[in-house]
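The values are calculated or read from the model by the stated rules, or taken from the named source; none is laboratory data. None of these values were measured; they are calculated from a predicted model. Virtual Cβ from ideal backbone geometry, glycine too; neighbours counted across all protein chains shown.
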Amino acid sequence: MNKAHIKKSDQVFVLTGKDRGKTGKVLKVLPVKNRAIVEGINFIQRHTRANPQKNIKGGILPKESSIHLSNLMVVCKRCNKHARIGFTRMPDGRKARVCKNCDELLDE
Ligand SMILES: [Zn+2]
């Protein structure tokens, strides 16, 4: 159900995990998995093996790992709070997200 609440480029607030309380920008949404990659959030230490043929250096490479959408809330650009999101129907029939806190439209 959370699927459509979060989109690429949204500012989101992290509810759980070691980055709880932080905000970041959504780099990518993985709808099938109900997960998103958020800039600077949920870094994992990825151990990579050197592969000179592919020009990959070995070692530990920090990388963002995906986080479940239910652990994220959209930050409203108007009231600047992580807010519950509702949906409204635009005059042209499209659905748009609204902040339930201040009623700001989050989509054009
Ligand atoms: Zn708001």
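General observations
- With respect to (1) surrounded by 12 or more Cβ atoms within 10 Å (Cβ to Cβ); (2) modelled with pLDDT of 90 or more; (3) among the basic types (Lys, Arg), the lone exception for Arg89 is condition (1).
- Number of the exception - Val75 against (1) more than 9 Å from the ligand (Cβ to nearest atom); (2) touching a Ser or Thr at 6+ places or on another chain (Cβ under 6 Å); (3) closer than 18 Å to Phe13 by Cβ: (1)
- Filter pass, Arg97 being within 16 Å of the ligand (Cβ to nearest atom), touching a His at 6+ places or on another chain (Cβ under 8 Å) and basic (Lys, Arg): yes
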